[in-house]
Amino acid sequence: MKEIRLGLLGFGTIGTGVVKLVTQNASLLEDKLGARLIMKRVADLDITTDRGVALAPGVLTSNAHELLDDPEIDIVIELIGGYEPAKSFVLRAIENGKHIVTANKALLAVHGGEIYAAAARKGVEVLYEAAVGGGIPVLSAIKGNMAANNFTTVLGILNGTCNYILTKMTQEGADFGAVLKKAQELGYAEADPTFDIEGIDTAHKLCILLSLCFGTSIDFKDIHTEGICSISAIDINFAREFGYKIKLLAIGKRDGERIEARVHPTMIPVNYPLADVDGAFNAIRLTGDFVGPVMLYGRGAGMEPTASAVVGDVVEISRNILAGIGRRTAPLGYLDGRIRTLAIKPIGEIVSKYYLRFSVMDKPGVLAKIAGELGRYSISIESMIQTARSAQESVPIVIMTHEAREMDVRQALTAIDSFDFIREKSNLIRIEDNLE
Ligand code: HSE
């Protein structure tokens, strides 16, 4: 039987899942490929920890070059994560004519252009389904059966760690730190969990989605990115009172020759399907001009779902190798040379509805002054709540606005925060409740 030989860089949680899958489902994969997948080399700095999966003797090495420079290896699977040494290893593998499968969203979001160009020069494939949405085949869907559409919006819950934390805070009133620890134990979190909770991991994934949906190169630094650290139980409870849930949302919208690209906690109506995406599950809602809205849902993190996406890419490349064809689809789904550069709209120019929470001294005239400033900046109030006076010195006033320009909202908040009755910095959360 023919063989496709694999080299695996990084024997951590996902790498272990890949070895487990290739071993456990070997005969299924043979039935589908007519060839055997051979894990020829696995490289990791730690070659002593027992991962609970068996490798043939001599496969595990601490020297990545034994794999990168092995002429027998057809496909290199990069699961180290981060920028370096992952980037150097991937470029070396490409230079040596190997196809690449990676789950590394940080690497592709920042250095994708360089890697795709190197792959084009050598005629090798770069697939990265596991980089966005764990086990959800969203990138294949965009490049494949949805390729005939002009996309107008892409919304995503793309980080399992954040979604798990927000879900536990919402359902159980759980403490942020304790839930984060649990997410790390479950293998959802990045090596550095600040990438998760500060929204950076979500922004990496949005960057990849935007490139595929809109055929544009994106400067990752231009994506407005906020994490979930500022979300408190009080906001979660007010959201519930108004009929919303708070999710860390990645938002991409096409607006002529510009796009919106932002990651931030967002209130969405409880009756939206996205609001039911809980725990480590992810979902991506795409809108195409012909297909309309499509939502893809599944496990967005963890060993086995992510391994499923990685090995799915290995199968795709293996089929091409076996059929003697390559690069049927360019890495971003657009022909080389057809990628544009659409500008990202500055965050101040976006138009949204807002949840505004003010912490104020409870005394006459306060509400009138807040409403006056909002009016001065053309911000129209949709509804409001002021909770009953308590023994505490301050009380919250919550205002939901109609659509307003972000720059106006920020200026109004700055003006309001200078009043002496304000007890702490005012808080805003954007609302997304008008989906096409
Ligand atoms: N840290 C990521 C998450 C893993 O929590 O979703 C999957 O990319």
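The values are calculated or read from the model by the stated rules, or taken from the named source; none is laboratory data. Treat the numbers as computed from the prediction; the structure is a model and nothing was measured. All Cβ positions, glycine included, derive from the backbone under ideal geometry; neighbour counts span all protein chains shown. The accessibility values were calculated without ligands, DNA or RNA, using every heavy atom of the protein model including side chains. Shrake-Rupley method; radii C 1.70, N 1.55, O 1.52, S 1.80 Å.
On inspection, Ile218 fails the criterion of being within 16 Å of the ligand (Cβ to nearest atom) and open to solvent by 10 Å² or more (accessible area, probe 1.4 Å). Counting only strands (runs of 3 or more DSSP E) wholly contained in the range 277-373, the ones carrying 2 or more residues that are charged (D, E, K, R) and open to solvent by 10 Å² or more (accessible area, probe 1.4 Å) occupy 351-361. Just one residue in the set Val124, Val154, Val132 is modelled with pLDDT of 95 or more, away from the ligand (no atom under 15 Å from the Cβ) and closer than 19 Å to His264 by Cβ; that residue is Val154.
Could you check, for the range 43-59, whether at least one of its residues is among the acidic types (Asp, Glu) and in contact (Cβ under 8 Å) with a residue 60 or more places away in the chain? Give the derivation first.
Taking the range 43-59 as the starting set, the residues that turn out to be among the acidic types (Asp, Glu) are 44, 46, 50.
Those left that are additionally in contact (Cβ under 8 Å) with a residue 60 or more places away in the chain: none.
Checking the range 43-59: not a single residue is among the acidic types (Asp, Glu) and in contact (Cβ under 8 Å) with a residue 60 or more places away in the chain.
Here Gly144 passes the criteria (1) open to solvent by 20 Å² or more (accessible area, probe 1.4 Å); (2) at pLDDT 95 or above; (3) within 16 Å of the ligand (Cβ to nearest atom); (4) among the small types (Gly, Ala, Ser) except the one numbered (3). Checking the structure you have, find out if any residue of the range 201-215 is surrounded by fewer than 19 Cβ atoms within 10 Å (Cβ to Cβ) and not β-branched (Val, Ile, Thr). Yes, because at least one residue in the range 201-215 is surrounded by fewer than 19 Cβ atoms within 10 Å (Cβ to Cβ) and not β-branched (Val, Ile, Thr). Gln184 satisfies every condition listed in (1) away from the ligand (no atom under 12 Å from the Cβ); (2) polar (S, T, N, Q); (3) open to solvent by 50 Å² or more (accessible area, probe 1.4 Å) except (1). Being aliphatic (A, V, I, L, M), assigned to a loop (DSSP other than H, G, I, E, B) and over 14 Å from the mean Cα position of the chain (by Cα) is the filter here; which residues of the range 177-201 pass it? Within the range 177-201, Leu186, Ala191 qualify.
Out of curiosity, is Met267 more than 15 Å from Gly156 (Cβ to Cβ), open to solvent by 30 Å² or more (accessible area, probe 1.4 Å) and among the hydrophobic types (A, V, I, L, M, F, W, C)? Walk me through how you get there before you give the answer.
Numbers: more than 15 Å from Gly156 (Cβ to Cβ): yes; open to solvent by 30 Å² or more (accessible area, probe 1.4 Å): no; among the hydrophobic types (A, V, I, L, M, F, W, C): yes.
Here the answer is no, as Met267 does not meet what is asked.
Screening Ala203 on (1) within 14 Å of the ligand (Cβ to nearest atom); (2) farther than 26 Å from Arg51 by Cβ; (3) at pLDDT below 95 shows it passes everything except condition (3).
Considering every residue within the range 168-191, establish whether at least one is closer than 16 Å to Glu260 by Cβ and in contact with a strand residue (DSSP E or B) (Cβ under 7 Å, 6 or more places away or on another chain). No, that holds for no residue. In contact (Cβ under 8 Å) with a residue 24 or more places away in the chain, in contact with a helix residue (DSSP H, G or I) (Cβ under 7 Å, 6 or more places away or on another chain), under 22 Å from Phe238 (Cβ atoms) and among the β-branched types (Val, Ile, Thr): is that true of Val360 in this structure? Yes. Taking the range 211-253 as the range and being in a helix (DSSP H, G or I) and within 16 Å of Met267 (Cα to Cα) as the test, the residues that pass are Ala233, Ile234, Asp235, Ile236, Asn237, Phe238, Ala239, Arg240, Glu241, Phe242.
Among the numbered conditions (1) within 19 Å of Leu108 (Cβ to Cβ); (2) more than 12 Å from the ligand (Cβ to nearest atom), the only one that Phe176 does not meet is (1). Among the residues of the range 260-274, the ones that are aliphatic (A, V, I, L, M) and not in a strand (DSSP E or B) come to 2 in all. Considering the range 363-416, and only residues there that are charged (D, E, K, R) and in contact with a Ser or Thr (Cβ under 7 Å, 6 or more places away or on another chain), the residue that is nearest to Asp235 (Cα to Cα) turns out to be Glu382.
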